[in-house]
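Asker: Attaching a single structure in structure tokens format; questions to follow.
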Amino acid sequence: MLRTFAFLIAALVLPVAGQSEERLLNVRTLCFSYIDDVKSVFVPGERKGEMLEQELYTAVYSLPFQMRATGGKGVFFLPNDDPEKPYKALPAVELPATSEILFLFLPSPDKAKSPYRIVALPDDTRSFPYGSVRLMNLSNHNVRIHMGEHSGGKAVNLTPGKSRLVDSVRKVDGLNRYPVLSEYETDKGFARFHNTAWRSIKDKRDLAIIYTEPKSGHPRIKHYEDAAPADLGSGDPG
């Protein structure tokens with residue numbers, strides 16, 4: 001799987017923000033899987049010289065936080081048990097042209113340099129609206145995903161390293177569910193590797209990452225749901 005990530009990630013990096021000044025980002029993180037037991041990172045805080053520790057999560061997105069970026073790049077640092085030594089910086093991450101960003105922590109192709117390869121994805125609702133599905137193919141197979149009305153000849157086809165945003169899925173059952181059938185190309189045609197159902201809800205968006213399972217060499221899917229923040233009102237009892 002690590003070799004697969006090595007040559008595919010470049011195709012998923014999004015355009016760099018053409019800004020060289022410092023800026024404050026509204027950030028969340030999502031860790032594909034823990035590497036070398038690194039479960040947190042440090043980020044430059046709002047104030048100069050400030051370093052804040054942020055936990056990484058593999059099943060859910062982190063809570064939003066703010067970090068400083070310079071020159072269109074974000075930098076994360078490894079935890080440091082020795083206060084006399086400087087923090088070790090991970091490779092800088094090129095940023096999309098938005099201040100709302102999801103940093104995706106993926107296994108690094110070269111763990112000697114960094115435990116993670118980090119990709120910055122736009123997290124604003126204009127780039128990734130609620131009700132939509134973002135598909136990312138990090139496997140080394142051609143895949144096609146059948147989703148509700150996006151099925152048969154209208155299925156989503158993804159070559160290795162490609163991603164696709166599906167605006168919405170409207171063909172659902174009474175519980176707002178739609179079938180998801182995933183296939184990958186073999187030398188004998190397409191073979192099924194995943195069959196499930198997801199929910200189509202206007203205040204939820206979905207991220208699905210297709211990757212190669214190391215032992216079998218077959219593609220697998222990790223699916224993450226992200227709901228809009230609940231409106232709890234003003235709290236004024238009136």
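The values are calculated or read from the model by the stated rules, or taken from the named source; none is laboratory data. Owing to the predicted nature of the structure, the values given are computational and were not obtained by experimental measurement. Quick reminder, even Gly has a Cβ in these numbers, built from the backbone with ideal geometry, and neighbours come from all protein chains shown. Accessible surface areas use protein heavy atoms only, side chains included; no ligands, DNA or RNA. Shrake-Rupley method; radii C 1.70, N 1.55, O 1.52, S 1.80 Å.
Asker: Of all residues being over 15 Å from M136 (Cα atoms), at pLDDT below 90 and not hydrophobic (A, V, I, L, M, F, W, C) in region 1-44, which is most open to solvent (accessible area, probe 1.4 Å)? Just the residue, please.
Answerer: R3
Asker: While we're looking at this one, here's another question. I'm checking my understanding of the structure. Among residues of region 166-190 that are among the aliphatic types (A, V, I, L, M) and surrounded by 13 or more Cβ atoms within 10 Å (Cβ to Cβ), which one is farthest from G217 (Cα to Cα)?
Answerer: Of region 166-190, the ones among the aliphatic types (A, V, I, L, M) are 166, 169, 172, 175, 180-181.
Now restrict to residues that are surrounded by 13 or more Cβ atoms within 10 Å (Cβ to Cβ): 166, 169, 172, 180-181.
Details: V166: 27, V169: 30, V172: 32, V180: 21, L181: 19 Å.
So, considering only residues that are among the aliphatic types (A, V, I, L, M) and surrounded by 13 or more Cβ atoms within 10 Å (Cβ to Cβ), the one farthest from G217 (Cα to Cα) is V172.
Asker: If I go through region 212-238 residue by residue, how many of them are modelled with pLDDT of 95 or more and among the hydroxyl-bearing types (S, T, Y)?
Answerer: The total comes to 1.
Asker: Now a separate question. Of the residues in region 151-198, how many are assigned to a loop (DSSP other than H, G, I, E, B) and in contact with a Gly (Cβ under 6 Å, 6 or more places away or on another chain)? Talk me through it step by step, then tell me what you get.
Answerer: Step one: filter region 151-198 for residues assigned to a loop (DSSP other than H, G, I, E, B), giving 151, 155, 159-162, 167-176, 187-188.
After this cut, where a residue has to be in contact with a Gly (Cβ under 6 Å, 6 or more places away or on another chain) as well, the list is 168-169, 171.
Going through region 151-198 one residue at a time, the tally reaches 3.
Asker: Can I ask one more? Can you name the residue in region 45-59 that is within 20 Å of A92 (Cβ to Cβ) and open to solvent by 80 Å² or more (accessible area, probe 1.4 Å) and, of all such residues, is nearest to the chain's Cα centre (by Cα)? Write out each step before concluding.
Answerer: As a first pass, look at region 45-59 and keep what is within 20 Å of A92 (Cβ to Cβ): 45-46, 48-54, 56.
Filter once more, keeping what is open to solvent by 80 Å² or more (accessible area, probe 1.4 Å): 46, 48, 53.
Values: E46: 24, K48: 28, E53: 20 Å.
Per the stated criteria, the residue is E53.
Asker: So which residues in region 60-77 are within 15 Å of G45 (Cα to Cα), open to solvent by less than 80 Å² (accessible area, probe 1.4 Å) and assigned to a loop (DSSP other than H, G, I, E, B), if there are any at all?
Answerer: Hits for region 60-77 are V75, F76.
Asker: Of the numbered conditions (1) in a strand (DSSP E or B); (2) loosely packed, with under 14 Cβ neighbours inside 10 Å; (3) hydroxyl-bearing (S, T, Y), T125 satisfies every one except a single condition; which is it?
Answerer: It fails just one condition, (1).
Asker: Would you check which residues across region 45-58 are part of a loop (DSSP other than H, G, I, E, B) and at pLDDT 95 or above and list them? Quick ask: steps written out before the conclusion?
Answerer: Step one: filter region 45-58 for residues part of a loop (DSSP other than H, G, I, E, B), giving 45-50, 56-58.
L56, Y57, T58, listed by residue number.
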